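Peer 1: Dumping the structure here so I can ask a few things about it.
The values are calculated or read from the model by the stated rules, or taken from the named source; none is laboratory data. Treat the numbers as computed from the prediction; the structure is a model and nothing was measured. Cβ sites come from the backbone with ideal geometry, for glycine too, and all protein chains shown count toward neighbours. The accessibility values were calculated without ligands, DNA or RNA, using every heavy atom of the protein model including side chains. Shrake-Rupley method; radii C 1.70, N 1.55, O 1.52, S 1.80 Å.
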Amino acid sequence: MRDICVYQEFLTEAHKARIRETAEDLGFTPHFFTLDQFEEAKACLQGCEILYAHNPELLRAAPASLKWYCCSYAGVDPYCKDPGLFANPDCLLTNSNCYGVTIAEHVVMVLLMLLRRMPEYEEVVRNRGWSNQLPIRSIRDNEFTILGTGDIGVNVADRLRGMGAARITGLSRSGRAREGFDEVLPISRLDEALPQARNLIMALPGTAETYHILNRARIALLPQGAYVVNVGRGAAVEQEPLAEALNAGRLGGAALDVMDPEPLPGDHPLWTARNIILTPHVSGNMTLGYTCDRNVEMFCEDLGNYAAGRPLNGLIDRARGY
């Protein structure tokens, strides 16, 4: 039998049963460890062909015989930035693109809060006031620009369309057309797109190309009163000029679920910026049951592909970072 090391905290007994049944049918033996069993998992890993986890230090301890590392998270930038994590340079890396539903719902939630001026109304109520005539906007008949047209971007576009969005423009590295978008532009045309981006949603991976992609100069290109939502990577936004634009009233508001660094330092200007919604990286974690179920399903599907010698669905190009 060929061994699999499974180092996860979110697995239920039903999840373990699903993995065990799939693995054994394919000639594999899974070994399950929780996060407080790092040393046990590390010892087991020395004889394993596959690792299903999200832990760079455990991966670093893997031998050259490891052939496939399935990361249970969508973001794989830690594994792409440090090639030394892989004793086997040919080890396959996959991620789990199962977060589209939960992150898209988070995006809709914070967009509605911004469009309906909730940060300002929260301030009114905090001061025991009763002002209730702030002009609001709607998703209906509105236009949205989404940076990143992968699983998250597609799920966001689908929900916005269902709520009556008038136009959805996407931007991606290739500019290839994607279902749900009225138009997809190559990221090289970002400066051209930003002056029309009244609602900018960022769902980008963490790569060298996306670092501070929304910098001071590009924040200045956004139209007066624009909203910015970031659920990709915190490093994609230059945060100080974003806070300045919010405090100056240039931007209508922002919702950030990801920041750089995390946790955000207590004296960072984002904490006190006007019309901002900050959440502690909660949009895409493992707190929604559907996400956990789909995560396991995707691992089992790719385990079947791996056993049959077929391409893996979640395969990552480590040189590109996604």
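Residue-by-condition table, conditions (1) touching a Pro at 6+ places or on another chain (Cβ under 7 Å); (2) farther than 25 Å from residue 260 by Cβ; (3) open to solvent by 50 Å² or more (accessible area, probe 1.4 Å):
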| position | (1), (2), (3) |
| --- | --- |
| 38 | no, yes, yes |
| 45 | no, yes, no |
| 62 | no, yes, no |
| 77 | yes, no, no |
| 87 | yes, yes, yes |
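Peer 1: If residue 318 satisfies all but one of (1) under 25 Å from residue 107 (Cα atoms); (2) modelled with pLDDT under 95; (3) open to solvent by 40 Å² or more (accessible area, probe 1.4 Å); (4) touching a helix residue (DSSP H, G or I) at 6+ places or on another chain (Cβ under 7 Å), what's the number of the condition it fails?
Peer 2: Tallying (1) under 25 Å from residue 107 (Cα atoms); (2) modelled with pLDDT under 95; (3) open to solvent by 40 Å² or more (accessible area, probe 1.4 Å); (4) touching a helix residue (DSSP H, G or I) at 6+ places or on another chain (Cβ under 7 Å), residue 318 fails exactly one: (1).
Peer 1: List the pairs whose first member sits in the stretch 12-40 and is on the phi < 0 side of the Ramachandran plot and aromatic (Phe, Trp, Tyr), whose second member is open to solvent by 50 Å² or more (accessible area, probe 1.4 Å) and part of a strand (DSSP E or B), and whose Cβ atoms are under 6 Å apart, counting only residues at least 6 apart or on separate chains?
Peer 2: 28/2
Peer 1: Quick test for you: out of 254, 273, pick the one residue that is modelled with pLDDT of 95 or more, crowded, with 23+ Cβ neighbours inside 10 Å and over 14 Å from residue 105 (Cα atoms).
Peer 2: Working: 273 fails: crowded, with 23+ Cβ neighbours inside 10 Å.
Answer to the check: 254.
Peer 1: Please specify each residue of the stretch 115-134 satisfying the condition of being part of a helix (DSSP H, G or I) and either open to solvent by 80 Å² or more (accessible area, probe 1.4 Å) or within 12 Å of residue 275 (Cβ to Cβ) (or both).
Peer 2: From the stretch 115-134, those part of a helix (DSSP H, G or I) are 115, 118-126; that's our starting set.
Passing the criteria: 115, 118, 119, 120, 121, 122, 123, 125, 126.
Peer 1: State all residues of the stretch 215-235 that are touching a strand residue (DSSP E or B) at 6+ places or on another chain (Cβ under 8 Å) and touching a residue at least 60 places away in the same chain (Cβ under 8 Å); if no residue qualifies, say none.
Peer 2: Across the stretch 215-235, the qualifying residues are 227, 229, 231, 232.
Peer 1: Assuming residue 137 fulfils every condition listed in (1) open to solvent by 10 Å² or more (accessible area, probe 1.4 Å); (2) part of a loop (DSSP other than H, G, I, E, B); (3) over 19 Å from residue 245 (Cβ atoms) apart from one, which condition is it?
Peer 2: Evaluating residue 137 over (1) open to solvent by 10 Å² or more (accessible area, probe 1.4 Å); (2) part of a loop (DSSP other than H, G, I, E, B); (3) over 19 Å from residue 245 (Cβ atoms) leaves (3) as the failure.
Peer 1: Can you give me the ranges of the strands (runs of 3 or more DSSP E) entirely in the stretch 168-239 with at least 2 residues that are more than 16 Å from the chain's Cα centre (by Cα) and of a type outside the set (Val, Ile, Thr)? I'd like the intermediate steps shown before the answer.
Peer 2: On the way: elements: 183-186, 199-202, 226-230.
In the stretch 168-239, 183-186, 226-230 are the strands (runs of 3 or more DSSP E) which contain 2 or more residues that are more than 16 Å from the chain's Cα centre (by Cα) and of a type outside the set (Val, Ile, Thr).
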